[in-house]
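Q: Here it is: the structure, laid out below.
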Amino acid sequence: MSAAPLTLGTAGHIDHGKTALIQALTGVDTDRLPEEQARGISIELGYASLELPSGTRLSIVDVPGHERYVRTMVAGATGIDLYLMAIAADDGVMPQTREHAAVLRALNVSHGVVAVTKSDLSDPELAILEASELLPDVDVVAVSVRTGSGLVALRTALGRVAATVTSRAGDAGDARLHVDRAFTIRGAGTVVTGTLWSGAIARGDALELLPGRRRARARDVQVHDRSVQRALAGQRVAVNLSGLALSDVSRGDVVVTGGAPLHPTYLIDARLELERDEPAHGTRVQVHHGTRESPARLAWLGGPFWQIRLEQPLIPAAGDRLVIRQIAPPDTLGGGVVLDPHPRKHGPSAATLTRLGRLARGEALPERAQPAAGQVPPQPPATGEPPPLSASALGTEARLREAGFEPPLDAELDAGDLAALRRAGRAVRVSKALHYHPEAIAEIKRRVVAIAGASGGSITLSQLRDELGTSRKFAQALLEHLDAERTTIRRGDTHFLRRRHDPGRPGAEPQ
């Protein structure tokens, strides 16, 4: 059995005993802040180390369980190899239990153990059943920190699961450490900590801090408060950086090998795996990557593929995992995988679906050549076509086409048919409860451009309602959709054409 290092993250609802459980296993109280100790809840990430009987050393990241600190939980969960989910016997599965499970799914962390805590206070059987339903095929162990019951069995279960997880310690490549904490030590200078995602960091290594590409050198490297000559991926690592002041570093920065080909980006092409119905094109969400996050707009590209248009830069590599959260009310929508960390800004097309489909299958693509002025790029072969539509889906498409400008509500249609039609490009989601046929959308857009072109470059809701002979509800949904896809832009009660849709009018609203 390999003794290579792994990182374990806790998960679970507030007051379900995560921190007490880690203290019982390791002897370390990860609630280090006075406020945490006074209130009895975790607020920041905590850290400990656990050596299993096999010799495998687990770096533990203990996360908060309160709903206000889910963003902190996500920052701690990125980069972990396996999890320890705590579910209290007297509560069972609670809201943050479910959301933490959704975050783990989004990050593709599938190996773990459930500890049913407080088993001395209540019969654990119901909580065990609920845990098995939430996380099928995962070991569930009833424990009591107060009596010590089940702790040996829990260590055994962790060892059994750890033996099935491949450590990243042997991975080649540049070092990448996402900073979750930065502080200064008198006489030593700036120290950053995080989970080392890849590569290794040794004393004396030349490093860079992204996104600003500030240069630094590793003066000292520690793993769980012990100086080491070289730290490997899969470990919690502290690096003493010479050449940087504490004010130069923020949580969310990334420490990399000097010259590593990583760059900040405002655009990401990704395959998303969502826990619920797909969001509308243009939906604003919060995107988490590493210990960094940013608001973004989602632009649908076809099938499971989306372009993420960020408001603040992230620093991803192809293959990295993302967590997508709803902004208000905050909730985890799902996750995804980065396919292209530096795409051009673009919309859906057959070429896009082919390219992203090949990236999703792990195929290496040639470098994109820039076409000469006036040259039409070659069209890719017609591979990656969506599967044929069922008779039911074709019937739903016919209903949308015949309905024209007033389609039936989604509640009246089959959700599976709508999803299939979206993947095939034969239905357009306009709002959370409304789909249109693409032919109707094309005609509506043509009329909007015509009306605005004759009205000084703008259109109002009442104008569109009267033009289409429909109700305010449909007209409003359509204008919001056109705003989201950047045909128009709203200013007060008026929607202006963006410049590219009316290039001959100098006064048009800018893009």
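The values are calculated or read from the model by the stated rules, or taken from the named source; none is laboratory data. If you're wondering where the values come from, they're calculated on a predicted model, not measured in any experiment. Virtual Cβ from ideal backbone geometry, glycine too; neighbours counted across all protein chains shown. Each accessible area value is taken on the protein alone, full model and side chains, heavy atoms only, with ligands, DNA and RNA left out. Shrake-Rupley method; radii C 1.70, N 1.55, O 1.52, S 1.80 Å.
Q: Looking at region 159-173, which of its residues are out of contact with any His (no Cβ under 6 Å at 6 or more places or on another chain), surrounded by 17 or more Cβ atoms within 10 Å (Cβ to Cβ) and not basic (Lys, Arg)?
A: 159, 162, 167, 169
Q: Take the residues of region 462-482 that are open to solvent by 30 Å² or more (accessible area, probe 1.4 Å) and not basic (Lys, Arg): which is nearest to residue 279 (Cα to Cα)?
A: Checking each candidate, the answer is 480.
Q: Can you say whether residue 451 is β-branched (Val, Ile, Thr) and either under 18 Å from residue 402 (Cα atoms) or part of a strand (DSSP E or B) (or both), as far as the supplied structure shows? Can you show your working first?
A: Values: β-branched (Val, Ile, Thr): yes; either under 18 Å from residue 402 (Cα atoms) or part of a strand (DSSP E or B) (or both): no.
No, not satisfied.
Q: Hey, another quick one. Kindly provide the set of residues from region 42-80 that are within 13 Å of residue 11 (Cα to Cα), at pLDDT 85 or above and in a loop (DSSP other than H, G, I, E, B), ordered by number.
A: Answer for region 42-80, where residues must be within 13 Å of residue 11 (Cα to Cα), at pLDDT 85 or above and in a loop (DSSP other than H, G, I, E, B): just 80.
Q: Of all the residues that make up region 246-299, how many are open to solvent by 50 Å² or more (accessible area, probe 1.4 Å) and hydrophobic (A, V, I, L, M, F, W, C)?
A: Number of matching residues: 1.
Q: Filter region 396-420 down to residues that are within 19 Å of residue 479 (Cα to Cα) and out of contact with any Lys or Arg (no Cβ under 7 Å at 6 or more places or on another chain) and give me whichever is surrounded by the fewest Cβ atoms within 10 Å (Cβ to Cβ).
A: Filtering first and then ranking leaves 409.
Q: Just for region 326-339: of the residues that are open to solvent by less than 20 Å² (accessible area, probe 1.4 Å) and either of a type in the set (D, E, K, R) or within 11 Å of the chain's Cα centre (by Cα) (or both), which one is farthest from residue 96 (Cα to Cα)?
A: Residues of region 326-339 that are open to solvent by less than 20 Å² (accessible area, probe 1.4 Å), as a first pass: 332-339.
Checking the rest, the ones that are also either of a type in the set (D, E, K, R) or within 11 Å of the chain's Cα centre (by Cα) (or both) come to 332-338.
Values: 332: 10, 333: 14, 334: 14, 335: 17, 336: 20, 337: 23, 338: 26 Å.
Per the stated criteria, the residue is 338.
Q: Go through 208, 273, 278 for me and flag whichever is assigned to a strand (DSSP E or B) and in contact with a helix residue (DSSP H, G or I) (Cβ under 9 Å, 6 or more places away or on another chain).
A: One residue alone meets the criteria, 273.
Q: Something else now. So is residue 423 of a type in the set (Lys, Arg), in contact with a Pro (Cβ under 9 Å, 6 or more places away or on another chain), at pLDDT below 90 and crowded, with 22+ Cβ neighbours inside 10 Å or not?
A: Details: of a type in the set (Lys, Arg): yes; in contact with a Pro (Cβ under 9 Å, 6 or more places away or on another chain): yes; at pLDDT below 90: yes; crowded, with 22+ Cβ neighbours inside 10 Å: no.
Here the answer is no, as residue 423 does not meet what is asked.
Q: Sticking with this one: Residues 371, 343, 366, 348: which one is buried (at least 16 other Cβ atoms within 10 Å of the Cβ) and at pLDDT below 90? Outline the logic, then answer.
A: Values: 371 fails: buried (at least 16 other Cβ atoms within 10 Å of the Cβ); 343 fails: at pLDDT below 90; 366 fails: buried (at least 16 other Cβ atoms within 10 Å of the Cβ).
It is 348.
Q: Picking from 222, 235, which residue would you name as being crowded, with 20+ Cβ neighbours inside 10 Å, out of contact with any helix residue (DSSP H, G or I) (no Cβ under 9 Å at 6 or more places or on another chain) and under 30 Å from residue 248 (Cα atoms)?
A: Selected residue: 235, the only one of 222, 235 that is crowded, with 20+ Cβ neighbours inside 10 Å, out of contact with any helix residue (DSSP H, G or I) (no Cβ under 9 Å at 6 or more places or on another chain) and under 30 Å from residue 248 (Cα atoms).
Q: Taking interchain pairs and intrachain pairs at least six residues apart, which have beta carbon atoms under 6 angstrom, with the first residue in region 100-122 and more than 18 Å from residue 270 (Cβ to Cβ) and part of a helix (DSSP H, G or I) and the second among the hydrophobic types (A, V, I, L, M, F, W, C) and open to solvent by 10 Å² or more (accessible area, probe 1.4 Å)?
A: From residues that are more than 18 Å from residue 270 (Cβ to Cβ) and part of a helix (DSSP H, G or I), the pairs are 101/134.
Q: For region 397-410, name all the residues that are farther than 20 Å from residue 283 by Cα, outside any loop (DSSP other than H, G, I, E, B) and without any contact (Cβ under 8 Å) to a residue 40 or more places away in the chain. So that I can check it myself, show each step before the final result.
A: If we filter region 397-410 for residues that are farther than 20 Å from residue 283 by Cα, which is where we start, we get 397-408.
Retained after the next criterion (residues that are outside any loop (DSSP other than H, G, I, E, B)): 397-403.
398, 399, 401, 402, 403 - these are the residues of region 397-410 that are farther than 20 Å from residue 283 by Cα, outside any loop (DSSP other than H, G, I, E, B) and without any contact (Cβ under 8 Å) to a residue 40 or more places away in the chain.
Q: Same structure, new question: So, in region 226-267, exactly how many residues are of a type in the set (Asp, Glu) and over 23 Å from the mean Cα position of the chain (by Cα)? If you could, list the steps in order and put the result at the bottom.
A: Let us first name the residues in region 226-267 that are of a type in the set (Asp, Glu), namely 248, 253.
With over 23 Å from the mean Cα position of the chain (by Cα) added as a condition, the list becomes 248.
Final tally of qualifying residues: 1.
Q: Hey, another quick one. Give region 436-461 a look and list any residue that's farther than 24 Å from residue 421 by Cα and open to solvent by 60 Å² or more (accessible area, probe 1.4 Å), or say none.
A: Correct list: 454 only.
Q: In region 108-146, which residues are of a type in the set (D, E, K, R) and on the phi < 0 side of the Ramachandran plot?
A: Passing the criteria: 120, 123, 125, 130, 133, 139, 146.
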